[in-house]
Amino acid sequence: MDIKTKTEQVVEQFSLVGVVPVVRLDKVENAEKLAKALRDGGINCAEVTFRAEGADEVISRMVKAYPDMFVGAGTVLTCEQADAAMAAGAKFCVAPGLNPAVVKHCLEAGMPFAPGVSSASEIEQALGLGLDFVKFFPAEQAGGLAYIKSVCGPYTTMRFMPTGGITADNLNSYLAYEKIVCCGGSWIVPAKLLEAEDWAGITALCRQAVDRMLGFEMVHVGVNCADPAEAERVADMFDNAFGFTKKVGNSSVFASTYVECMKQPFRGKMGHIAVATNSVKRAMYQLEMRGYTVDPSSVKYDKKGVPTVAYLNEDFGGFAVHLVLRK
């Protein structure tokens, strides 16, 4: 497989994960415990930084314990470190800066590599090396989202992984911009929790980050009615009782935005529940990690190929559940 194809696969995996924990683990023997804590929290990914000794062993132990885990190496500053990461089974390499020698070494060895950039000149260097996906570091200190948006005007093909100053509070602002594939952050695995070996605490932070990223919110309930006349009657009841203004559509009648009265029975024994999310794509990936499955035939896409609607195969108390992209 050529390096461009491998890189695209890595970028796709990053886009599904959304948030990448940057890990500095000093106790190599805790590698498997950390990996499990991340996975239990819904993040099947880690960037293990070479700022700590034994990073290559940490990577090796993680991927041996969980072969499907998306584990890579961070702070890869030399060709020797890149070789150690590759030998350990890393699926990608990342660096805080752009060293052309290390970039070329990794690409020639077939290792997807995302060097760090913080200026237009460095972006041009990366493009000249054949890259279209880079780390933007240190993100907040280097101008943040506003800077990324400004440089995407002239550099339309470049995609970014901002890292540095990313928190739960600004994560979604970054991810909402289409040129940002994912964000890296160490707040999910703080040093104090690693030192305390508080795996449950790390799992909780991961789950909070994922839930915050996805932003799940119930937006309406669909009621299966026998025919159009019943659909209008039910909508009228909600309108008369609660002031939920009736709006007649082709296949249903809405009572405000809260209740959708179907003109004929649709999915679910009783109806359906619509859950909005910031990313249907990431939500499908995450829900499958949680044990649910998506009906592929139900997925709808916009003109850019972004999933906007998807139904789960499972019923919830007689109701079908579908995801909808938040507008």
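The values are calculated or read from the model by the stated rules, or taken from the named source; none is laboratory data. Please read all numbers here as calculations on a predicted model, not as lab measurements. All Cβ positions, even for glycine, are placed from backbone atoms using ideal geometry, and neighbour counts span all protein chains on display.
Between a residue in segment 63-82 that is closer than 18 Å to Asn30 by Cβ and any residue that is among the polar types (S, T, N, Q) and in a helix (DSSP H, G or I), which pairs come within a Cβ distance under 8 Å, given they are 6 or more apart or on different chains?
Ala73/Gln81
I'm trying to understand the selection: among the residues of segment 232-274, which are buried (at least 16 other Cβ atoms within 10 Å of the Cβ) and touching a His at 6+ places or on another chain (Cβ under 7 Å)?
Across segment 232-274, the qualifying residues are Val259, Glu260, Phe266, His272, Ala274.
Identify the single condition in (1) crowded, with 20+ Cβ neighbours inside 10 Å; (2) out of contact with any Pro (no Cβ under 8 Å at 6 or more places or on another chain); (3) among the hydroxyl-bearing types (Ser, Thr, Tyr) that Thr78 does not satisfy, given that it satisfies every other one.
Of the numbered conditions (1) crowded, with 20+ Cβ neighbours inside 10 Å; (2) out of contact with any Pro (no Cβ under 8 Å at 6 or more places or on another chain); (3) among the hydroxyl-bearing types (Ser, Thr, Tyr), the odd one out for Thr78 is (1).
Given the conditions (1) under 26 Å from Gln208 (Cβ atoms); (2) touching a helix residue (DSSP H, G or I) at 6+ places or on another chain (Cβ under 7 Å), and given that Glu47 satisfies all but one, which numbered condition is not satisfied?
Of everything listed in (1) under 26 Å from Gln208 (Cβ atoms); (2) touching a helix residue (DSSP H, G or I) at 6+ places or on another chain (Cβ under 7 Å), Glu47 misses just condition (2).
For the condition at pLDDT 95 or above and either crowded, with 20+ Cβ neighbours inside 10 Å or touching a strand residue (DSSP E or B) at 6+ places or on another chain (Cβ under 6 Å) (or both), what is the one hit in Ala101, Ala73, Ala87, Ala109?
Every option except Ala73 fails the conditions.
Determine, yes or no, whether Leu25 is closer than 22 Å to Ala191 by Cβ and assigned to a helix (DSSP H, G or I).
no
Are there any pairs with C-beta distances below 8 angstrom linking a residue in segment 4-22 that is in contact (Cβ under 8 Å) with a residue 40 or more places away in the chain and not assigned by TED's automatic domain parsing to the domain that holds Met289 to a residue that is among the polar types (S, T, N, Q) and in a loop (DSSP other than H, G, I, E, B), with the two at least 6 apart or on different chains, and if so which?
Val17/Asn44; Gly18/Ser279; Pro21/Ser186; Val22/Ser186
So how many residues does segment 18-42 have that are in contact with a Lys or Arg (Cβ under 8 Å, 6 or more places away or on another chain) and closer than 21 Å to Ser279 by Cβ?
Within segment 18-42, residues that are in contact with a Lys or Arg (Cβ under 8 Å, 6 or more places away or on another chain) and closer than 21 Å to Ser279 by Cβ number 3.
Quick one: which strands (runs of 3 or more DSSP E) sit completely within segment 204-299 and have at least 3 residues that are in the same structural domain as Phe319 (by TED's automatic domain parsing), in contact with a Lys or Arg (Cβ under 7 Å, 6 or more places away or on another chain) and at pLDDT 95 or above?
It comes to 252-255.
So which residues in segment 229-251 are without any contact (Cβ under 8 Å) to a residue 12 or more places away in the chain and touching a helix residue (DSSP H, G or I) at 6+ places or on another chain (Cβ under 7 Å)?
Selection gives Thr245 alone.
Within segment 42-49, does at least one residue satisfy the condition of being more than 24 Å from Leu205 (Cβ to Cβ), without any contact (Cβ under 8 Å) to a residue 60 or more places away in the chain and in the same structural domain as Ala31 (by TED's automatic domain parsing)?
no
Which condition breaks for Glu32 when tested against (1) within 19 Å of the chain's Cα centre (by Cα); (2) assigned to a helix (DSSP H, G or I); (3) under 15 Å from Gly89 (Cβ atoms)?
Failed condition: (1).
Looking at segment 255-273, is at least one residue out of contact with any Ser or Thr (no Cβ under 6 Å at 6 or more places or on another chain), basic (Lys, Arg) and over 26 Å from Glu230 (Cα atoms)?
No, that holds for no residue.
Name every residue in segment 129-175 that is of a type in the set (S, T, N, Q) and either closer than 15 Å to Ala95 by Cβ or in contact with a strand residue (DSSP E or B) (Cβ under 6 Å, 6 or more places away or on another chain) (or both), in order of residue number.
Within segment 129-175, just Thr163 meets the criteria.
I'm checking my understanding of the structure. Among residues of segment 170-201 that are in a helix (DSSP H, G or I), surrounded by 16 or more Cβ atoms within 10 Å (Cβ to Cβ) and touching a residue at least 24 places away in the same chain (Cβ under 8 Å), which one is nearest to the chain's Cα centre (by Cα)?
Only one residue fits best here, namely Leu175.
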